[in-house]
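Just so it is clear, none of the values below were taken in a lab; they were calculated from the coordinates. These numbers were taken from a predicted model, which means no experiment stands behind them. Note that we place each Cβ from the backbone using ideal geometry, even for glycine, and neighbour counts take in every protein chain shown.
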Amino acid sequence: MKYCHLWLLIPGGWLLTALMQMITTPALAQTANFGTISLSVGFEPSQGKVSGYMGGSYSLSTMSNRDRDQKACIGFADPNPDHIMILEKDFEKLKILVNSGGYDTTLFIKGPNEETVRCGDDTGRSKDASVSDKDWKKGTYRIWVGTFNPGVKHNYTLTIEQN
């Protein structure tokens, strides 16, 4: 038994590598910094509004450099998602918008089943981010509201709209 732990000390050991990845990669959290929102088709506009504060030093591009449409995924946020959105049915179209009063924000949305990534940055002339897309499958989505620069913190309102 005294030799069991020696392989942990061997440079390049597979377990050491795996442990380091677990330590430096955020877990796919089951909880969010600012809660969970559940939506069904035909939801009231007030049900699609949540708020929080953005910011952090975790680079969102480490989770994915590009989304499903090859848009760049950028920004900095907390390693845990800010919101969890549960879609109780498939949605043909959704639009997710950040209102931070004009600060430079980004969006990173992952789900369902961690398979689909959607990213957003500036919306038109606004520095606030948005994602407008079709084919939202039933399931759980993790949403990060990021900032263009690390360590910046500002309040925001996140609005989810049916198109």
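Before moving on, here are some points about what is shown:
- Pairs with C-alpha atoms separated by more than 22 Å, drawn from the list K89/K153; K71/K137; K71/K134, are K89/K153.
- Hydrodynamic radius of segment 31-162 per Kirkwood, over alpha carbon pairs, in Å: 14.3
- Footprinting exposure proxy ranking of T31, T62, T140, T147, fewest other C-beta atoms within 10 angstrom first, gives T31, T62, T140, T147.
- Rounded to the nearest 20 debye, the dipole magnitude of segment 31-162 is 60 debye, with +1 charges on Lys and Arg beta carbons, -1 on Asp and Glu beta carbons, and the Cα centre as origin.
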